[in-house]
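These notes concern the structure reproduced below.
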Amino acid sequence: MSTLNETASSPRTAQRLQATAAAEGSGAPLDAPHPELSYLLEVHNLSTDCIKTVSADGQLLSMNPNGQVVMQVDDFSTCQGSDWLSFWTGESRDLMLAAFEQARAGRPAQFTGYCPTMKGEPRWWDVTLAPC
């Protein structure tokens, strides 16, 4: 499965998508006892950025603890599996879709767009997408 991992924080801060879902070629899950994966998972969980893992079709797979705070998510299970692409509207959606397609094609991409938090608070985000 191809995944993207998004990073975001407070208004006008970085969002980054990077691979953390499996060891190269192994298909091993993040909780596997591989030292490299354990380290990546710890960085993911301790980051001050909001890091999301998004599938190649846009499904929200995971979000680090700080990301849940920044996005005002009280219970991640309520948004896990939702369509991350649908969070973006208007001109921001067009920018996001162009960047998302670039990342799906294997190239890093960036955009700045408006996306409210899960509680509807207005936020602008600087987003970087990195393919896995």
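Let me confirm something: among Phe100, Phe111, which residue is part of a strand (DSSP E or B), touching a residue at least 12 places away in the same chain (Cβ under 8 Å), touching a helix residue (DSSP H, G or I) at 6+ places or on another chain (Cβ under 8 Å) and at negative phi?
Going through Phe100, Phe111 in turn, just one is part of a strand (DSSP E or B), touching a residue at least 12 places away in the same chain (Cβ under 8 Å), touching a helix residue (DSSP H, G or I) at 6+ places or on another chain (Cβ under 8 Å) and at negative phi: Phe111.
Among the residues of segment 60-72, are any surrounded by fewer than 17 Cβ atoms within 10 Å (Cβ to Cβ), assigned to a loop (DSSP other than H, G, I, E, B) and modelled with pLDDT of 95 or more?
Taking every residue of segment 60-72 in turn, at least one turns out to be surrounded by fewer than 17 Cβ atoms within 10 Å (Cβ to Cβ), assigned to a loop (DSSP other than H, G, I, E, B) and modelled with pLDDT of 95 or more.
Would you pick out the residues in segment 77-97 that are free of Cβ contacts under 8 Å to residues at least 40 places away in the same chain, crowded, with 16+ Cβ neighbours inside 10 Å and not in a loop (DSSP other than H, G, I, E, B)?
Scanning segment 77-97 gives Phe87, Ser92, Arg93, Leu95, Met96.
Out of all the residues in segment 40-55, which are under 20 Å from Gln110 (Cα atoms) and open to solvent by 30 Å² or more (accessible area, probe 1.4 Å)?
Correct list: Thr48, Asp49.
Considering segment 39-73 alone, what residues qualify as being among the charged types (D, E, K, R) and touching a residue at least 24 places away in the same chain (Cβ under 8 Å)?
Asp49, Lys52 - these are the residues of segment 39-73 that are among the charged types (D, E, K, R) and touching a residue at least 24 places away in the same chain (Cβ under 8 Å).
The values are calculated or read from the model by the stated rules, or taken from the named source; none is laboratory data. Owing to the predicted nature of the structure, the values given are computational and were not obtained by experimental measurement. In this analysis, Cβ positions are derived from the backbone assuming ideal geometry, glycine residues included, and neighbour counts consider all displayed protein chains. Surface accessibility is based on the protein's heavy atoms, side chains included, excluding ligands, DNA and RNA. Shrake-Rupley method; radii C 1.70, N 1.55, O 1.52, S 1.80 Å.
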